[in-house]
Structure formats: C-alpha cells, structure tokens
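Only the coordinates and a few stated rules stand behind these numbers; no lab work does. From a predicted model like this one, the values you see are computed outputs, not experimental measurements. Here the Cβ is made from the backbone with ideal geometry for all residues, glycine too, and neighbour counts use every protein chain on show.
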C-alpha cells in the first residue's frame, strides 16, 4: 500500500529535474541564512514557501497537457481582468500600482501573467498549426502586447520585459521568420527615442547609471557599486560563509532579495558562482531536452518558453548585480527570498514536468 502510494506521488515527477531543483533551493537556503544576518525566521519562511511551491509543482505535473490547454485562455482573460482591476483600484506603494486587494489578502496579477501569457500563445498556435500564416503571428503579438502595456503602466518595467521575453520565445519556437525578427528589432531601435521620452525619470536614471554608476555613488549608482565591490572582493574561493563584509556591515542593499547573488560571490567566490551556474545549466539542459521530445505544438512551445524564460531570469539578475544590465528588480530564481516568485517559478516547472511525463496529448 505504501509502495503504491509512493509510486502515485512520483509517477508524473521528472526525478532528475526535481533533484536539481531541490539542490538549487537548498543552496539558496544556505546563502539566504547568511544574507539575512543568520535569521532563522526568514529561512523558515522561505522553506515554507518552497514546500507550498513544491505542492503546486506536483499538482501541475499531474495535470495532463490537454487540461492545461483548457485553462489557457480562461487564465489569460482572468489575468487581464485582474490587471484592469489593478489599474482602476490597485494599491499604490512606492509610486507604483501593482497590488490588488481581494478580501483579506492581496495579489500581484503580473505574476500570474508570467505563466498565462505563454500558455495562451501556445494554445493559440496549437489551434492554427496546420494553416499558420503571418497574420496569426500578428494576432499573437497583440495578445502579448496587451498585458505588457498594463504592467508597464504600473510601472513595472522589469516584469513587463520578462513577460515580453516569455512571449517572444513562444513566437520564435512557433516558427516566426528571421526577417520578421530583424524587422521588429530595427523597429524597436527606431522607436528608442520615443520610448525614452515615455520612460519615468527613475527609469531613465537607471539607464544612465548603467553607463556610469559613479555619477551618483550615494544615490542611483549605490546598488551597482556595492554589488560589484562584493563580487570582486570574493576572489576565487570567497571570504567564507557568514564572513562577507559588504553584506554583514550592511553596505549591500537588498542583499536577501534582488542582490543575493552578490552575497554568494563575496562569500563563496568564483567557485560558488560556478556551482550555481552548473545547477542552472543542468535545469536548462533538462528543460530543452524535454522540449525536444515534446509531441505536439502546444507542449513544445510551453516547455521551451518555460525553460528559456528561466534562463532569462537568471541572466538578467546576474547581469544587473554585475553591472552589465540596468537594475530592474528581478529576483535570482530559486535563490532570492520571496514566496510569490518561488511559487510562480515552480508552477512553470510543474508544467514542464507535465509535458515530460504525459507524452500523449489529446487534441481539443
């Protein structure tokens, strides 16, 4: 009886992927303990979020892809309605309107759209697989742009760009031509001056800080300067766990969330960074392997988007901490403190496991 129950629990779980994800999260707890000043409460809170996220992942992994197709467009529509609710009734905090109160709790609908957008686009292309035309890509682009505009208006440029990336990966895997991609790239470049004029002052300042963080070392450039000092001072082997000076003397801001990568680099050095990169590359490699074996358009597109978006999150966070990208408030996946991002990330991996273990998709 116990053996049968155990087999039922792991039947639709990709054990290789689960193992690497678990090792990455455990590594994150070790780093978080130091980054929070040896706070057991924060570590326990993060552990509880991980358990909830693992349960969500297990639930999605056991949901066949045809059921994911059924909920794709309702989830997308619900997300748009919630974003509209944020625009009309959302709570303003630090100059941004991103949260919506529902009863006794509040939610951030943009997190839902990280999954809803690629699901919706994958569903859309699945329905048009046999007679795909350029106009279908135009419609898909509109489906992508609508939520991105809502989120950029909040303003939350970082999340808007990441959702744009997740949607673009679906378009790319669906077969959009290189000429179209090149044309879009040139159009974006041509509209850059217009986009600059529409940016908020703090967003423009982030771009200028990227070019020269020393122009405001105690203001907008402070995060970048302190994080690069922490990374560089770690050397090859690091200063040792719990011995990072930039973090523990509180020079490094947001050290347990967006800038936890700097804590890792300072205390564990280049070797610690290489360990994290190895874990990330194993996750991405497994995701691409699952994508390559997907049997339908829908499963191939959603698996590829989840995998490549995960890689984008990691690259953007490490890039902004290293000073090669603007600071956009993107957490380091599976490492940074935060329950919402953890649940969202493992929700995506639950979908990836569903694709991996349910090889046959019934056409809807």
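Taken along its three principal axes, the alpha carbon spread of the stretch 14-357 comes to 60, 49, 45 Å, from the longest extent down to the shortest. What the pair-distance distribution of the stretch 75-151 shows, using all Cα-Cα distances binned every 10 Å from zero, is 19, 43, 24, 11, 3 percent. Sorting the Cα pairs of the stretch 134-265 by distance into bins of 10 Å, from 0 upward, gives 11, 28, 26, 22, 11, 1 percent per bin.
Quick note on the stretch 124-187: its Rg to Rh ratio, both from C-alpha atoms and Rh being the Kirkwood radius, is 1.00.
Working out 0.36 nm times the residue gap between residue 222 and residue 187, then minus their Cα-Cα distance, what length gain in nm do you get to one decimal? Numbers along the way, then the final one.
Working: separation 35, 0.36 × 35 = 12.60 nm, distance 3.35 nm.
My answer for the length gained is 9.3 nm.
Here 293, 206 are placed in order of increasing Cβ neighbour count within 10 Å, fewest first, which gives 293, 206.
In plain terms, the residue of 123, 99 with the fewest other Cβ atoms within 10 Å comes first and the most crowded comes last, giving 99, 123.
Among 175, 238, 304, the largest mean-square fluctuation in a Gaussian network model of the chain (Cα springs under 10 Å) belongs to 175.
Given the Cα-Cα distance of residue 71 and residue 243 and 0.36 nm per residue of separation, how much length would full extension add, in nm? Let's see the in-between values first.
Numbers: separation 172, 0.36 × 172 = 61.92 nm, distance 4.80 nm.
57.1 nm is the gain from fully extending residue 71 to residue 243.
For the options 81, 288, 112, a Gaussian network treatment of the chain with springs between C-alpha atoms closer than 10 Å singles out 81 as fluctuating the most. Each of 36, 340 has some number of other Cβ atoms within 10 Å of its Cβ, and from fewest to most they run 340, 36.
Highest mean packing comes first when the peptides 129-138, 58-67 are listed by Cβ atoms within 10 Å, giving 58-67, 129-138. The alpha carbon gyration tensor of the stretch 19-112 gives principal lengths a ≥ b ≥ c with a/c of 1.5 or higher and a/b no greater than b/c, which makes the shape oblate. GNM remark for the chain: springs join alpha carbons under 10 Å apart, and the peak mean-square fluctuation among 223, 256, 248 falls on 248. Report, in whole Å, the centroid distance computed from the Cα atoms of the stretch 197-276 and the stretch 10-88. Using only Cα atoms, the two centres lie 26 Å from each other.
With r defined as the distance between the Cβ atoms of residue 93 and residue 145 and R0 fixed at 22 Å, what FRET efficiency is calculated, to the nearest 0.05? Show your work: numbers first, answer last.
Numbers: r = 26 Å, r/R0 = 1.17.
Plugging the Cβ-Cβ distance into 1/(1 + (r/R0)^6) gives 0.30.
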